Amino acid sequence: MDFNVIGKSVIRVDGLAKVTGKAIYPQDIYMDNMLFGKTLRSSVPHAYFTLDTSKAEKIEGVVKIFTAKDVPGHNSHGVLFKDHEVLCEKKVRRIGDPIAFVVAVSEKIAAEAIEAIEVKYEEIPAVFDPVEAMKDEIKVHDGKSNIIYHYKLRKGNIEEGFAQSDVIVENVYNTSMVEHAFLQPEAGVSYVEDDGTIVVCAATQYPHFDQLEIAEAMGVPAEKVKVINPAVGGAFGGREDITLQIHLAMAAVYTGRPVKAVYSREESFYAHSKRHPEIIKIKTGANKEGKLLALEAEIIADTGAYASWAINVTRKSGIHVTGPYVIPNVKVDAYAVYTNNPFCGAMRGFGATQVPIATEQQMDILAEKLNISPVEIRLKNAFTKGSQTANGQTLTDSVPLVDCITKAAKAIGMF
Amino acid sequence: MELKKVIKAEKLDEVLNLLAENRERAKVIAGGTDFVIQLREKKIAPEVIIDISDVDELNFIRKSGEFIEIGAATKFTTIKNSGIISDAFKGLKDAAGHVGSPQIRNLGTVGGNICNGSPAADTVPALLALGAVAVVKSKNNTREVPLEEFYLDRGKVKLEPDEILYAVKFLNSKPGQGLGFVKLGLRNALAISSISIAVFVETDNDINCKDVRIGSGALAKFPIREKEVEAFLKGKTLHEDVIEEATEFFGKILEQRLAGRPPVEKDYKPYAIKGVFKEALNKALSVVC
Amino acid sequence: MKTISLKVNGKPYTVEVEEDMRLLDLLRDKLGFTGVKEGCAEGECGACSVIMDGNLVTSCLVMAFQADGKEIITIEGLQSEDGTLHPIQQAFLDEGAVQCGFCTPAMVLAAKALLDKNPNPTDEQIKEGISGNLCRCTGYAKIVSAVKKAAEYLNQGGK
Ligand SMILES: Cc1cc2nc3c(=O)[nH]c(=O)nc-3n(C[C@H](O)[C@H](O)[C@H](O)COP(=O)(O)OP(=O)(O)OC[C@H]3O[C@@H](n4cnc5c(N)ncnc54)[C@H](O)[C@@H]3O)c2cc1C
Ligand code: FES
Ligand code: FES
């Protein structure tokens with residue numbers, strides 16, 4: 001078959017605009033009569049608070065200071081659970097929670113007003129260790145357990161699997177929280193069209209869902225919200241959750257003028273999700289020949305103050321913790337847990353990135369104990385066409401893992 | 001203070017007059033690579049900013065008698081590519097070449113590096129090892145201070161409000177001398193030094209160490225001379241075992257010095273110094289001519 | 001306010017700048033050269049790089065008043081009036097060195113600053129030349145090949 005694209009070198013459609021500097025990212029949009037918005041964020045991880053905006057409001061050039069009470073519809077958003085507040089009402093759950101949005105005639109004045117807002121915090125105990133958080137002694141969200149998800153995987157008989165194993169390796173691995181640091185910090189512009197349609201122009205990964213979230217928070221039907229996604233300067237999962245979209249929409253509707261916001265790099269760090277750090281307790285058993293017989297794992301994923309994609313991410317970790325290997329007896333428990341840390345969500349690999357750190361180390365250690373090569377132990381256990389994963393999926397299509405390992409091993413002279 | 005006035009100076013006199021007039025209210029900017037960030041973070045709030053980056057009288061590398069003099073507003077890129085600085089003192093060019101990135105080296109100046117007073121300033125250990133002297137000017141005065149006495153504290157140098165650093169100078173290389181510089185950072189570009197070491201050696205034909213000066217960065221509140229290690233090496237023949245011993249000795253000194261510091265410093269640096277120091281010393285020996 | 005004169009992409013401008021304005025703000029907000037990007041505001045990412053008097057600099061670390069009398073080149077100055085791409089831009093396209101594109105204008109300028117001084121750089125020299133520019137989409141391998149291809153195009157007298 002002759003394809004138009006597959007097998008050919010094509011020039012990307014957006015390439016020309018990008019190499020000439022003409023591509024429009026949200027911060028490149030300047031509109032007449034435009035106002036500027038800036039977010040006040042919490043400086044403590046867990047507290048009740050009150051705001052006094054009176055001084056800030058008096059600064060010349062400040063148009064409006066939005067707080068929770070100004071959110072016209074539901075003061076909430078979130079891709080799975082609506083656990084974020086558009087602007088926190090009385091409690092903050094992490095450093096960086098948005099508590100007010102200042103709109104002014106210039107960025108400088110908005111920044112000045114942010115400093116003039118008086119925030120009184122009444123700090124309450126916070127929890128940063130997910131293992132501690134699982135005890136539910138300190139609750140991050142009132143009336144709700146910190147354990148928001150438990151993924152359970154059972155296959156075969158784990159006790160028998162270990163009983164038959166000649167070598168067993170057991171370790172705990174910790175992975176770190178990771179920031180996307182996409183090169184273009186969050187930015188956006190919002191304005192209202194003549195027929196009342198709210199337009200939000202922001203770099204996002206999820207425009208159709210943003211539309212619904214903006215509509216719900218604004219208390220308008222979805223068809224009254226238009227989301228325009230200009231050039232996006234990298235995302236890597238970090239633009240799946242709402243950041244400034246609703247703040248801008250509120251400001252544009254209230255003022256009737258275009259409103260723009262651009263985050264600094266520092267604010268960008270506060271504003272969006274991170275990769276879930278995980279504590280991976282893992283026990284792997286194999287027989288003398290290096291055949292894997294059993295794997296038991298407990299994974300605790302710290303999702304910070306908000307769930308974002310925690311459930312999907314944690315589930316993926318639970319599934320992928322076996323590695324691409326056939327193991328007859330498997331027991332996995334994976335938990336997603338709230339803490340007062342920065343919130344975690346999607347990032348490159350979505351839970352599948354963390355677990356190989358544990359799984360593959362275990363393979364190396366097993367190989368060393370069995371005195372076989374790390375290549376050999378992987379080839380012995382690798383998924384092939386027809387293999388069944390621990391969660392019961394039969395791999396019916398191409399599974400070129402053995403080929404891939406063999407080629408790589410040859411290329412580095414290990415085979 | 002509110003920023004009221006910014007001046008792009010062309011002449012040294014103009015700079016010195018403005019400083020005499022405005023004193024504490026004024027601050028000079030050179031490459032701006034530290035300054036602009038501090039200004040935006042409101043760590044500094046001058047009323048008057050005087051730009052010295054295009055003052056030709058502060059921008060030179062020249063031989064003057066036995067000395068090499070480098071004007072304070074000389075950029076890292078110029079130092080890195082200088083034909084006046086000899087191969088024996090290539091360590092200084094290496095230090096300049098290790099700063100930040102091409103962009104930072106095209107803006108940043110040696111004067112800014114010194115006056116900013118950062119413990120991790122990369123050219124300073126090299127200049128300390130060269131025994132450099134700071135030449136300071138004000139409207140009515142010129143004075144010289146050994147660079148090692150120029151620091152008061154982290155971020156603080158001995159300058160009066162009406163003074164600027166005019167130049168640094170050091171004795172030109174002689175046969176038997178060499179300077180080696182090594183920087184340890186998280187990656188090759190855009191990484192602040194975790195440790196930087198410059199070693200100046202003077203040897204006779206039998207690799208007897210006639211003289212040695214060691215400048216270190218990121219191992220104290222500001223870059224310093226490592227005099228105990230110098231004393232240990234001076235007069236010894238620089239065989240491998242002697243170098244090894246000196247290396248261990250340096251590690252011990254740091255264990256004591258950094259005892260109260262966080263683990264990344266107290267556990268890591270005394271260990272890492274060994275490799276860094278040995279490499280710097282060997283580099284110095286390899287360029288001795 | 002202070003009045004300064006500078007050239008951008010060959011064209012002279014005389015503009016009023018605020019005392020605390022950066023060259024980056026002047027170029028983007030006042031003069032409309034939005035191909036200059038702000039990624040960090042502290043010299044770390046290189047997205048704001050422009051060529052000033054022949055040298056690559058981060059415009060977030062230059063005060064606007066310091067640029068008085070300077071000649072600046074931004075990405076907008078590379079394409080010919082008739083729309084022909086500069087050979088470096090063409091090479092970036094041909095080699096697939098563009099992903100999200102936010103680093104691209106400054107990467108192209110970093111390549112220009114390098115190739116203007118060194119028409120036949122080694123891989124190592126190319127890597128050093130772009131070492132002050134982060135590409136978080138991590139297309140470095142393709143960017144290095146693009147700079148090599150650009151050197152070829154330029155040495156053949158443009159593409
Ligand atoms: C991204 C990045 C990476 C960096 N990497 C490195 C690195 O690897 N190694 C390193 O050493 N540094 C590094 N730096 C720090 C900085 O570039 C250097 O310290 C540089 O030498 C500062 O010089 P400048 O000319 O830019 O000084 P400026 O920022 O203009 O000034 C710095 C200070 O010195 C004062 N000053 C400047 N010149 C004089 C003078 N002649 N007399 C009196 N006072 C003066 C100023 O008032 C100011 O207080 C980095 C900075 C950035 C932004
Ligand atoms: S914005 Fe200037 S280097 Fe990042
Ligand atoms: S292409 Fe996205 S940062 Fe380089």
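Restricting attention to region B:100-110, report how many residues are more than 11 Å from chain C (Cβ to nearest Cβ) and not in a helix (DSSP H, G or I).
Pass one, region B:100-110, residues more than 11 Å from chain C (Cβ to nearest Cβ): B:109-110.
Applying the additional criterion that residues be not in a helix (DSSP H, G or I) yields B:109.
Number satisfying all stated conditions: 1.
Are any of the residues in region C:2-23 more than 10 Å from chain A (Cβ to nearest Cβ), crowded, with 24+ Cβ neighbours inside 10 Å and within 13 Å of ligand 2 (Cβ to nearest atom)?
Start the filter on region C:2-23 by keeping residues that are more than 10 Å from chain A (Cβ to nearest Cβ), which leaves C:2-17, C:19, C:21-23.
Next, from what is left, pick out any that are crowded, with 24+ Cβ neighbours inside 10 Å: C:22-23.
Among the residues that remain, those that are also within 13 Å of ligand 2 (Cβ to nearest atom) are: C:22-23.
Yes, some residue in region C:2-23 is more than 10 Å from chain A (Cβ to nearest Cβ), crowded, with 24+ Cβ neighbours inside 10 Å and within 13 Å of ligand 2 (Cβ to nearest atom).
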Response to the item:
Among residues of region C:24-73 being part of a strand (DSSP E or B) and away from chain A (no Cβ under 14 Å), the residue farthest from ligand 1 (Cβ to nearest atom) is C:Glu71
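I'd like to know if region A:321-334 contains one or more residues that are among the aliphatic types (A, V, I, L, M) and under 13 Å from the mean Cα position of the chain (by Cα).
Going through region A:321-334, the residues among the aliphatic types (A, V, I, L, M) turn out to be A:321, A:326-327, A:330, A:332, A:334.
After this cut, where a residue has to be under 13 Å from the mean Cα position of the chain (by Cα) as well, the list is none.
No: zero hits.
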Worksheet item: Hey, B:Asn113 hits all of (1) within 7 Å of ligand 1 (Cβ to nearest atom); (2) more than 24 Å from B:Pro161 (Cβ to Cβ); (3) in a helix (DSSP H, G or I) but one; which does it fall short on?
Response: (2)
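Have a look at A:Ala56, A:Ala23 and point out the one that is in a helix (DSSP H, G or I) and closer than 25 Å to C:Asp29 by Cβ. Step through it out loud before you land on a result.
Working: A:Ala23 fails: in a helix (DSSP H, G or I).
One residue alone meets the criteria, A:Ala56.
State all residues of region C:75-84 that are within 7 Å of another protein chain (Cβ to nearest Cβ) and assigned to a loop (DSSP other than H, G, I, E, B); if no residue qualifies, say none.
First, the residues of region C:75-84 that are within 7 Å of another protein chain (Cβ to nearest Cβ): C:75-76, C:79.
If the condition is that a residue be within 7 Å of another protein chain (Cβ to nearest Cβ) and assigned to a loop (DSSP other than H, G, I, E, B), then C:Gln79 is the only one that fits.
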Worksheet item: From the list B:Phe181, B:Phe170, which residue is in contact with an Asp or Glu (Cβ under 6 Å, 6 or more places away or on another chain), within 23 Å of B:Gly117 (Cβ to Cβ) and not charged (D, E, K, R)?
Response: B:Phe181
Worksheet item: How many residues are surrounded by fewer than 20 Cβ atoms within 10 Å (Cβ to Cβ), more than 28 Å from B:Ser101 (Cα to Cα) and in contact with a helix residue (DSSP H, G or I) (Cβ under 7 Å, 6 or more places away or on another chain) when one looks only at region B:119-158?
Response: 2
Worksheet, complete the sentence: Taking region C:98-123 and keeping residues part of a loop (DSSP other than H, G, I, E, B), under 18 Å from A:Arg12 (Cα atoms) and more than 9 Å from chain A (Cβ to nearest Cβ) leaves none
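Where in region B:1-93 are the helices (runs of 4 or more DSSP H), entirely inside, with at least 2 residues that are within 12 Å of ligand 1 (Cβ to nearest atom) and more than 14 Å from every other protein chain (Cβ to nearest Cβ)?
Working: elements: B:12-22, B:35-40, B:76-80.
Those helices (runs of 4 or more DSSP H) span B:12-22.
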Item to complete: Scan region A:1-44 residue by residue and report those that are out of contact with any helix residue (DSSP H, G or I) (no Cβ under 8 Å at 6 or more places or on another chain), more than 8 Å from chain C (Cβ to nearest Cβ) and closer than 20 Å to A:Phe269 by Cα.
Response: A:Pro26, A:Ser42, A:Ser43, A:Val44
Item to complete: Answer yes or no: is there a residue in region A:266-274 that is within 14 Å of chain C (Cβ to nearest Cβ), away from ligand 1 (no atom under 16 Å from the Cβ) and surrounded by 23 or more Cβ atoms within 10 Å (Cβ to Cβ).
Response: yes
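None of the figures in this text is laboratory data; all of them are computed from the coordinates on show. Quantities reported herein were computed from a predicted structural model and do not represent experimental measurements. Glycine also receives a Cβ, built like all others from the backbone with ideal geometry; neighbour counts cover every protein chain displayed.
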